[in-house]
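S.K.: This is the structure I have questions about; it appears just below.
Bear in mind these aren't lab numbers, they're just calculated from the coordinates by the rules spelled out. Owing to the predicted nature of the structure, the values given are computational and were not obtained by experimental measurement. Counting neighbours? That spans all protein chains shown, and the Cβs are built from the backbone with ideal geometry, glycine included.
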Amino acid sequence: MATTRLRNDTFNDYSSTDSSPAEENSPAINNFPPISGQYERIGEHSSSSTTWFQTLIHLLKGNIGTGLLGLPLAVKNAGIVLGPLSLVVMGIIAVHCMDLLVKCANHICQRNRRPFVDYGDAVMCGMEYAPSHWLRANSIWGRRMVGFFLILTQLGFCCVYFVFLADNIKQVVEAANATTNDCSSNVTVVLKESMDSRLYILSFLPFLILLVFIRNLRYLSVFSLLANLAMLGSVVMIYQYIGRDIPDPTHLSYAASWKTYPLFFGTAIFAFEGIGVILPLENKMKIPHQFPIVLYVGMAIVTVLYISMGTLGYLRFGSMIQASITLNLPNCWLYQAVKLLYCFGIFITFALQFYVAAEIIVPTVTFRVSERWTLLVDLSMRAALVCVTSHIEQPIQRTITPYCQERGIMSLYPSVLAILIPRLDIVISLVGSVSSSALALIIPPLLEILTYYSEGLSRWTIAKDIFISLVGFLGFVFGTYVTLWELLAPESHPGHVNSTLYAVQ
C-alpha cells in the first residue's frame, strides 16, 4: 500500500481494516450522487463491495475485542443489577448515535454532492452549515478534533494490548510447572515471578514493530482470519467455564458505590466505542439501504455478549474477578491454551488497530520530506509509535526510585510516577471517559443538530440530542475526575483494584 499523503489537513477515517486508502478513495470525484429522497452510495465496484452478511461480520469484528474480557470487572464497579441495566441503556444510546452519524453523513453527501465523507469530514461539513459564524469559521477544527480522539483511542488500544500480552504470557510461563489436566479448580495458581512483566513487554516490542511495517493489511488477511477464529474459540471456552457452577450471588451488591460507577462508565463506553468503523463499512456495502438493519442486528449481538460476559464473569468469580477474565481461569492445559489463542488474536489485532492512528499521523510527517526519504521516515514513525505504546519508559522506575529514596523526596515520587508510568486500568478508563465519550456520545447528537438545524428540527429532537450529549459530557467529567483521583491517591479510593484492566475494543 503506497503511503497516503495528507494535504490541507485532510485525512481518512480508515477504521475499516479490510481495504486500503487507495481503494476507499477510488471513486471519481465527478461521479456525484443524485439529489433524491433515496441516498445511493456510488463509485464502488461490485467486486469490492460487501454483502450484508460480510458487513455484519466486519461490524462484529470491529466491536468485539478485549473489551469483552474486561467487562466483568466493570460490572463489579457498578453492581450486579445496576451494571447489566446500564450496559443495556448504554448499548441503546451508542447504537442510536451510530445511526445518527450514518444519516448525517448521507445527508451531507447529498447536500455537498460528494461520494463519501468520513467522520472528521462529516463534523467539519456540519459546522460549515451551523447558525454560528464562529463555528463556520473554525469548521476545520471539527475534523482535527475527531482525528485527535481517534488517535488517542486507537493508540490506547495498542497500549493495553502490550500489557495484555505480557501479563497473560507471563502467567502461562510461570504456571507451566504447576499446570495439570485437572480443570475443576476455580483458583488461578499464583507462582513466584520468574521475570518482570516489563521484560515481556520489551520482548514483544521488535515483533510488533515488524508487524506494523506491513503497510498493506491485505497481506495480513489470512492471519486476521486465523486470529478471529482463535479469539472466537477462546470466547466459547470462557463461556462454557463461567456458565456452570455459579456460586450463590446474594452476597454481591446490587449497586456499587457511586465513586466507582464512573470507572464502570469509562470502561463500558470504551468497549462500545466502535463508531469509527461505521462509515467505512456502510460505504463498502453493495446495497447501503440495508445497513441500518445490519447495524441494529450486529450491535444487538454485541450488547448481548457484553451483558452476558460481564454478568456471568462477575457472578462466577465475585470479588476475586481480575482485570481480564482470562487471568481467573484455572491452571490446566485447556485454559492455558485459551489464553495463548486469545494472545495470538490480540497480537494480530495490534496491527489492525495501529493502522487507523498510523494513517492519520504518518502521512502528515512524510508529506514534509522528499520522496527519497519517504519510506525511511514512514517506517521510523511507525517504530516510534509502537515504542510509545509499549510503555518502555517503565524501566525508568528502577532508576527513579533509589534516587528519590536517597534524597528524601519520596513524597513527590508517587504522584509523579503515577503520571509518568500509570496503571493501565485507570488509563483505559480515562481514555474511555475522554475520547470514547466524545466520539460515541457527545459528537453525533451535536452533529445532527448542526446538520439539520437550518432545515428545521423539532424541539423534541433537539432536546433528545442535548440530553444524550449531556450524558456523555457528565460521563466525561466525572469519569475523568475519578480516574485522575485514582491515579494521584489510589490508596484512599474505595474503588481501587490492584490489577490491570484490559478493557479494549
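S.K.: Exposure proxy check: Asp248, Asp167 ranked by fewest other beta carbons within 10 Å?
M.R.: So the residues, fewest neighbours to most, are Asp248, Asp167.
S.K.: Could you give the length gained by full extension between Arg113 and Leu152, i.e. 0.36 nm per residue of separation minus their alpha carbon distance, to one decimal place?
M.R.: 10.9 nm
S.K.: Report the full-extension gain for the segment Trp373 to Arg136: residue separation times 0.36 nm, less the Cα-Cα distance, to one decimal in nm.
M.R.: Fully extending the segment from Trp373 to Arg136 adds 81.6 nm.
S.K.: When the Cα atoms of region 188-311 are enclosed in a convex hull and the volume is divided per residue, what value in Å³ results? Before the final figure, lay out each step's value.
M.R.: Details: hull volume 27.2 nm³, N = 124.
Taking only Cα atoms, region 188-311 has a hull volume of 219 Å³ per residue.
S.K.: Let me ask something else. Please report Leu73, Leu202 as a ranked list, fewest other C-beta atoms within 10 angstrom at the top and most at the bottom. Spell out each step's value before the answer.
M.R.: On the way: Leu73 26, Leu202 17.
Going from sparsest to densest Cβ surroundings: Leu202, Leu73.
S.K.: Something else now. Among Lys103/Lys464; Lys259/Lys339; Lys103/Lys286; Lys61/Lys284; Lys76/Lys259, which pairs are too far apart, with a Cα-Cα distance over 21 Å?
M.R.: Lys259/Lys339
S.K.: Calculate, in nm to one decimal, what Trp52 and Arg459 gain on full extension: separation in residues at 0.36 nm each, minus their alpha carbon distance.
M.R.: That pair, Trp52 and Arg459, stretches by 143.0 nm at full extension.
S.K.: Compute the distance from the alpha-carbon center of region 224-262 to that of region 430-458, in whole Å.
M.R.: Between the Cα centre of region 224-262 and that of region 430-458, the gap is 31 Å.
S.K.: Met285's amide H: which non-local residues (gap 5+, or another chain) put their own amide H closer than 5 Å, with H modeled 1.01 Å from N in plane and none for Pro or chain starts?
M.R.: Thr50
S.K.: What residues have an amide H closer than 5 Å to that of Ser253, excluding those fewer than 5 places away on the same chain, when H is modeled at 1.01 Å from N in the peptide plane?
M.R.: It is Ile80, by chain and number.
S.K.: Stick to the Cα atoms of region 48-492, pair each with every other, and give me the Kirkwood hydrodynamic radius in Å at one decimal.
M.R.: 23.3
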